[in-house]
1. Between a first residue in the stretch 208-237 that is under 18 Å from residue 145 (Cβ atoms) and a second residue that is modelled with pLDDT of 70 or more and part of a helix (DSSP H, G or I), which pairs have beta carbons less than 8 Å apart while being 6 or more apart in sequence or on different chains?
2. Considering the stretch 1-22 alone, what residues qualify as being buried (at least 17 other Cβ atoms within 10 Å of the Cβ) and outside any strand (DSSP E or B)?
3. For the stretch 194-212, indicate whether the set of residues that are surrounded by 18 or more Cβ atoms within 10 Å (Cβ to Cβ), in a loop (DSSP other than H, G, I, E, B) and at pLDDT below 75 is non-empty.
4. Which one is nearest to residue 86 (Cα to Cα) among residues in the stretch 128-161 that are buried (at least 18 other Cβ atoms within 10 Å of the Cβ) and within 17 Å of the chain's Cα centre (by Cα)?
């Protein structure tokens, strides 16, 4: 039996984009849909996000999707924690509801996990605009983020993991719900601090959408995001000092 991969998808007011995000999972290459599941958790959307997901499920029953809803708006950390608690997979791949996976994303992550020492996988990613659809062309990418192989000392001076983020389920930890933003930075740094082995794939496997309506990119101020990022870095630095 092949391992199961759970796509962890928090959603909030992404009715325009969530169908594209789900479709980018359905068309993954070199992966059987029976080896995938999508765990969608709605964080109190006030638009038709949840209805769009429901319609997609009716149109594409071949893609296993399970849906859950928060009781009100809880934030990205709580929403991802709920998705991970409900997930059945051996591996998690994180996908925001307005972003897009490259068609080889899951298969390339699974290749990396063939090394049993690998507990976390990240890749390079590209930034796309709000009107870009499923088939991303070079002219629709306005920024490419190339990243180095993982080094903890270098990591604590800046967030360069970004996307895609994937973790072996047995090595994952909950997100810190005290972070309304930059929760992913604190999370992966804490995983690294706990000894999880990181593997970098030097390919663009994730398209990050600049969408001011989304949870990740606009509901809270950039100032708050920067402050939380610094808070996450200091938390990890303090933990490193205690270990020495």
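The values are calculated or read from the model by the stated rules, or taken from the named source; none is laboratory data. Source: prediction; values computed, not measured. Glycine also receives a Cβ, built like all others from the backbone with ideal geometry; neighbour counts cover every protein chain displayed.
1. Final answer for the pair search is 216/76; 229/185.
2. The initial filter retains those residues of the stretch 1-22 that are buried (at least 17 other Cβ atoms within 10 Å of the Cβ), namely 5-22.
Listed by number, the residues that qualify are 12, 13, 14, 15, 16, 17, 18, 19, 20, 21, 22.
3. Yes - at least one qualifying residue is present in the stretch 194-212.
4. 161
One line per residue, one yes/no per condition, for (1) touching a strand residue (DSSP E or B) at 6+ places or on another chain (Cβ under 7 Å); (2) not in a helix (DSSP H, G or I):
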| residue | (1), (2) |
| --- | --- |
| 84 | yes, no |
| 93 | yes, yes |
| 103 | no, yes |
| 107 | no, no |
| 122 | yes, yes |
| 149 | yes, yes |
| 154 | no, no |
